[in-house]
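Since the structure comes first, as structure tokens, the remarks are kept for the end.
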Amino acid sequence: MSDGSRVTLIVDGNAMSASKGTTVAAALINSGFAMFRSSVSGEARGPVCGMGVCYECRVTIDGVRHQRSCTRTVVEGMRVDTAKADVG
Amino acid sequence: MSASRASCDVAVIGAGPAGVAAAVSAAASGRRVIVLDEGLGPGGQIWRPSIHGPPPSAARHWLARFEAAHIDIRRSTSVFDVRSDDRSGLTVSAYHEGEAIELNARAVILATGARERFLPFPGWTLPNVFGVGGAQALYKAGVLFRDKRVVIAGSGPLLLPVAASLARSGAKLALVAEQASPASVRRFAMSLWRKPATLVQAAVLRSAFFKTSYATGTWIESARGDGSVREVTITNGSTTRTLACDVLCVAFGLVPNVEIARLLGCEVEHGMVTVDATQATSVSGVYCAGEPTGIGGVDAAIVEGEIAGLAAAGQSVPQALVAKAERLRRDAATLDAAFALRAELRTLAKPETLVCRCEDVRLRDLNPHWTARQAKLYTRAGMGPCQGRICGAALESVMGWTADSVRPPVQPVRLASFINDPSAT
């Protein structure tokens, strides 16, 4: 995984490899995530607009909640928590 | 409140084609320019940096000029308030990674672009239902579409480049559905005979997905899936069919981003910022260029940006540039008429369909006699993090409600950005 073109994230507590330069949203979709957050009535939601407008792709990044995953680029060691791990 | 402060002659909000051209022409006139942009680099959506390769040549030309001018650009920066008063002039409040920025400027150019129009239908909130430009943005950001079964359903010329790039990236494109009638699409295509370059471009894009049907007069009815979208029902009004898919891309044209203009009190008519021939708005010192003045496309955005940049810098605007902007706006009007939305799209939502996806408000929760303001007060529709950017257009289409007034902050802001205490959230 350390061939220079990839980084490792910790997603919901598990290591996940992603291409450098991709956004967190792209990395999650490429690893098969469809549900990023849980809506106020408990529905599964994931990215829609891809450009920071809809706020549907919110995840917790390095402990900070409600981060738009489509606006953040992956960084080595970044901790990402989706609704699956979100107990708050 | 403490915040980092800066001042400049011209503040440009947005670094898409209009903002880039505006910044370049204001800087060339010797003005100190600061550009604030939510993105990761200049380019906005249409020139969005892609992990798959360099942007098109027109973009490279402008981005190179932007870089050569050493313009101060603040990336990943969200503007949440702009104020105008006689004493201190124009003040822009923004935040970058939780830190507040206060910017004083003699002139402000609003180059805030547009977003996609999303209309509610049963299943529109399922994961893997993206916008059309949304899918393009996600693709450029690294999403792999290889072997995914994709249905594209929406309206407007944007369907073509998105279908082409997903097909080239190995997606199994099942259908491209354009809601406009075959007659209007044909009429529009005929109107392009005067623009052979555009015709050639369209043909090249179409050839990239030649195996897939491009169905006009066809629109989405519903989508279903457990956990994510699995099938979609499409209709042409007489025949209905269901297709299996892994990804559904749906959007119905673009909506100008006019929130900051409205916040400043600029005159906005039919959702578009009113400007004069120099791109000046009704508020002194505030200019607007590109999509917020009416969806006109990238060429119009560049020319309007150049004009706004010159005018904001106090330079005279060449008549040829003004004439060019007028011509491009006329072309845009033709396009708008060709892809006008059919009435059936207003009634796709069922009583149980969500209309506000931030607050999970269903169509049956809304009273047709309310205004958008009442709906907000009674149901919280439009009060979520998107601040009505998604449901605003949906409610306008389904209920006939116009957007409620705008108040700061126009973006959700962490409390820490206001009080400069990193422990506050």
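The values are calculated or read from the model by the stated rules, or taken from the named source; none is laboratory data. The structure displayed is predicted, hence computed values, not measured ones. Glycine gets a Cβ as well: all are built from the backbone with ideal geometry, and neighbour counts include every protein chain shown.
Things to note:
- Considering the stretch A:23-54, the residues that are surrounded by fewer than 18 Cβ atoms within 10 Å (Cβ to Cβ) and more than 7 Å from every other protein chain (Cβ to nearest Cβ) include one that is farthest from residue B:147 (Cα to Cα), namely A:42.
- Some residue of the stretch B:216-238 being within 25 Å of residue B:53 (Cβ to Cβ), touching a helix residue (DSSP H, G or I) at 6+ places or on another chain (Cβ under 9 Å) and buried (at least 16 other Cβ atoms within 10 Å of the Cβ): no
- Scan of the stretch B:284-316 for residues that are assigned to a helix (DSSP H, G or I), surrounded by 24 or more Cβ atoms within 10 Å (Cβ to Cβ) and of a type in the set (Val, Ile, Thr), ordered by number: B:293, B:302, B:303, B:307
- Checking A:79, A:65 one by one, the residue that is basic (Lys, Arg) and touching a strand residue (DSSP E or B) at 6+ places or on another chain (Cβ under 7 Å) is A:79 and no other.
- So residue B:98, is it modelled with pLDDT of 95 or more and either within 14 Å of chain A (Cβ to nearest Cβ) or within 19 Å of the chain's Cα centre (by Cα) (or both): no
- Those residues of the stretch B:101-131 which are within 10 Å of another protein chain (Cβ to nearest Cβ), closer than 27 Å to residue A:41 by Cβ and of a type outside the set (Ser, Thr, Tyr), in sequence order: B:115, B:116, B:118, B:124, B:126, B:127, B:128, B:129, B:130, B:131
- Any helices (runs of 4 or more DSSP H) falling wholly within the stretch B:317-413 and containing at least 3 residues that are within 30 Å of residue B:187 (Cα to Cα): B:319-338, B:391-399
- Residue B:25 fulfils the conditions (1) within 18 Å of residue B:287 (Cβ to Cβ); (2) in a strand (DSSP E or B); (3) in contact with an Asp or Glu (Cβ under 6 Å, 6 or more places away or on another chain) except for a single criterion, (2).
- Residue in the stretch B:356-371 that is within 30 Å of residue B:120 (Cα to Cα) and in contact (Cβ under 8 Å) with a residue 60 or more places away in the chain present: yes
- Test result for residue B:52, more than 15 Å from residue B:5 (Cα to Cα) and either away from chain A (no Cβ under 14 Å) or basic (Lys, Arg) (or both): no
- Scanning the stretch B:228-252 for residues that are of a type outside the set (D, E, K, R) and either assigned to a strand (DSSP E or B) or modelled with pLDDT under 95 (or both) yields a total of 14.
- For the stretch B:93-123, the set of residues classified as part of a loop (DSSP other than H, G, I, E, B) and farther than 21 Å from residue B:45 by Cβ consists of B:97, B:98, B:120, B:121, B:122, B:123, listed by residue number.
- Number of positions in the stretch A:1-22 that are more than 10 Å from chain B (Cβ to nearest Cβ) and surrounded by 21 or more Cβ atoms within 10 Å (Cβ to Cβ): 3
- Residue-level check: of (1) away from chain A (no Cβ under 14 Å); (2) crowded, with 17+ Cβ neighbours inside 10 Å; (3) within 24 Å of residue B:110 (Cα to Cα); (4) among the small types (Gly, Ala, Ser), residue B:393 misses just (1).
- Residue B:76 meets each of the listed conditions (1) in contact with a Gly (Cβ under 9 Å, 6 or more places away or on another chain); (2) in contact (Cβ under 8 Å) with a residue 40 or more places away in the chain apart from (2).
- Filtering the stretch B:264-283 to residues that are farther than 22 Å from residue B:118 by Cβ and either touching a Gly at 6+ places or on another chain (Cβ under 8 Å) or buried (at least 21 other Cβ atoms within 10 Å of the Cβ) (or both) leaves B:264, B:266, B:275, B:279, B:281, B:282, B:283.
- Pick from the stretch B:335-379, criterion within 14 Å of chain A (Cβ to nearest Cβ) and of a type in the set (D, E, K, R), ranking: surrounded by the fewest Cβ atoms within 10 Å (Cβ to Cβ): B:352
- Residue B:382 meets all of the listed conditions (1) on the phi > 0 side of the Ramachandran plot; (2) surrounded by fewer than 21 Cβ atoms within 10 Å (Cβ to Cβ); (3) within 14 Å of chain A (Cβ to nearest Cβ) but one, namely (2).
- Counted residues, the stretch B:29-45 - those being crowded, with 17+ Cβ neighbours inside 10 Å and within 11 Å of another protein chain (Cβ to nearest Cβ): 5
- For residue B:149, the conditions (1) modelled with pLDDT of 95 or more; (2) charged (D, E, K, R); (3) under 30 Å from residue B:282 (Cα atoms) are fulfilled apart from (3).
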